[in-house]
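To start, the structure under review is shown below, and the notes come after it.
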Amino acid sequence: MKDSFKVRLFILVFITSLFLSSCYNRFAPTSMNPGSYSNTTGLEYNQEGGFQVSDYKGQPFGPNLVFVEGGRHILGSFEEDIVYSRDNIERTVTIASFYMDEAEIANINWLEYEYYIKLDSSESFWKNNLPDTTVWARSLAFNDPYVTHYYRYPGFRMFPVVGINWRQANNYCHWRTQVVNYKMAMNYYEQNGGDIPTTEQIVSNGKVRIPLESGIVLPNYRLPTEAEWEYAALALIGTQYGLEKQWNQRIYPWDGHWLRQPYGKNMGYFLANYKRGRGDYAGIAGRLNDGAMITEPVYNNPPNENGLYNMAGNVNEWVADVYRPMSHRDTDDLNPVRRDGYLDSHEDYDQNYNFIGAEAPYTREQALEVGISAASYNEENPPMNRMRVYKGGSWQDIAYWLSPGTRRFMPEDSTSAAIGFRCAMVHAGANY
């Protein structure tokens, strides 16, 4: 009898706890279900003239983006520091979840951008956002076909766009935010009724007017931070076992210490597009290995475990950070980034823009035309030409630079045939 009583008591307690738990979950307001009334004032939502609370089902998914789950991570280079820069020492950080383009921005994407800004922007803005095709030119090499064909010839459509400086890449992110949000707003109004707004009603003075609290538009596209890029490239989610245990690190964005596919029908072929040695970009005829003497299409190599293509090789990629060798000591350990020369003078790194041909520094309008942001413009203190970090290695780099922890830098107005970019976006409305 005692055992039977204990069983009945246990069942009663269990059912009561389930009921109380369900009641709590049922009535606790959430972001997706805040209820019909305010939990602090008792006022009803969405009444005429009252506070409006729009439907929300989570952050919409932007085109070409892959979700990267954040977490604790050891940033830094695990390769020997052969250049003795000591500028990326290992340190533990936590990085919030975010989204990143699954592939590098390709020529066809930039041609689309060029088409639309030529329609609705000033001629100077359009010209200042054309790729620099002369990055292919060499005095002692016959690269003429790349100078004239690489960007516009249809055969190169899906190759990564190059000859883009850091400011141009940011301009593309800004334009893409407007276009994608306008498209998403149109889709929303078409599906839910109501008058579809015109472009002029939504975009005014370069700003998206659809309120962010509506829940139908995306946060801004932007360049990834250096920490985000490095974390996404290594994709260590595949090396975790048990309770927060990582048995190994990675040198490259895949397991192992080798650069070739270790199994399957493509065994022996390279996993990235890079320079194998002096004068050797692709292997020998009849048995080309990575098959690319310059860049290659952005989806050619297998993705890493985050679903991201070419996080090693093909082209280096701009990231948001200003270069400072001591960033590993100065930045926070939660979502680290260096936006400017804070704590580290610009004198040995950055330079003021040289306004050649101007009787005075650019006006604010002229600065905006060439891609200098309004926030950084000050006529009495002209904006800086900052050194920006780029990552990943490229078709013309040796294997050392394929390791995500390595870092290099160039002035933000400089271009190269070996540097492209991809966009990123925050994971909004979440605490992880």
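Exactly one residue out of Phe61, Phe98, Phe78 is farther than 27 Å from Met326 by Cα and either surrounded by fewer than 16 Cβ atoms within 10 Å (Cβ to Cβ) or within 23 Å of the chain's Cα centre (by Cα) (or both), and it is Phe61.
Across region 241-257, not a single residue is classified as surrounded by 16 or more Cβ atoms within 10 Å (Cβ to Cβ), modelled with pLDDT of 75 or more and not in a loop (DSSP other than H, G, I, E, B). Number of residues in region 381-400 that are of a type outside the set (A, V, I, L, M), surrounded by fewer than 22 Cβ atoms within 10 Å (Cβ to Cβ) and not in a loop (DSSP other than H, G, I, E, B): the value is 2. Restricted to region 401-422, and to residues there that are of a type outside the set (Phe, Trp, Tyr) and more than 20 Å from Asn128 (Cα to Cα), the residue that is surrounded by the most Cβ atoms within 10 Å (Cβ to Cβ) is Pro404. In the set (1) of a type in the set (Val, Ile, Thr); (2) assigned to a loop (DSSP other than H, G, I, E, B); (3) farther than 27 Å from Trp395 by Cα, Ile82 fails one condition alone, (3). Of the helices (runs of 4 or more DSSP H) lying entirely inside region 121-199, those carrying at least 3 residues that are surrounded by 19 or more Cβ atoms within 10 Å (Cβ to Cβ) are 166-192. On the given criteria, is Asn316 within 29 Å of Trp110 (Cβ to Cβ) and either surrounded by fewer than 21 Cβ atoms within 10 Å (Cβ to Cβ) or of a type outside the set (Phe, Trp, Tyr) (or both)? Yes: the conditions hold for Asn316. Pairs meeting the criteria (first residue in region 390-404 and on the phi > 0 side of the Ramachandran plot, second residue assigned to a strand (DSSP E or B) and at pLDDT 95 or above, beta carbons under 8 Å, at least 6 apart or on different chains) are Gly392/Asn316; Gly392/Glu317; Gly393/Asn316.
Rundown of residues vs (1) surrounded by fewer than 18 Cβ atoms within 10 Å (Cβ to Cβ); (2) in contact with a strand residue (DSSP E or B) (Cβ under 6 Å, 6 or more places away or on another chain), yes/no style:
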| site | (1), (2) |
| --- | --- |
| Asn289 | yes, yes |
| Val298 | no, yes |
| Pro303 | yes, no |
| Met326 | yes, no |
| Ala367 | no, no |
| Ser376 | yes, no |
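If you check Ile419 against the conditions, is it within 20 Å of Tyr172 (Cβ to Cβ) and out of contact with any Phe, Trp or Tyr (no Cβ under 6 Å at 6 or more places or on another chain)? No: the conditions fail for Ile419.
Residues in region 370-403 that are polar (S, T, N, Q) and over 21 Å from the mean Cα position of the chain (by Cα) were compared, and the one that is nearest to Val161 (Cα to Cα) is Gln396.
Contact map, region 210-229: first residue farther than 14 Å from Trp175 by Cα, second residue basic (Lys, Arg), Cβ cut-off under 8 Å, separation 6 or more or different chains; pairs are Gly215/Lys57; Pro224/Arg422; Glu226/Arg338; Glu226/Lys391; Glu226/Arg407; Trp229/Lys391.
The values are calculated or read from the model by the stated rules, or taken from the named source; none is laboratory data. Everything numeric here is computed off the predicted structure, so don't read it as measured data. Cβ atoms come from the backbone with ideal geometry, glycine included; neighbour counts cover every protein chain shown.
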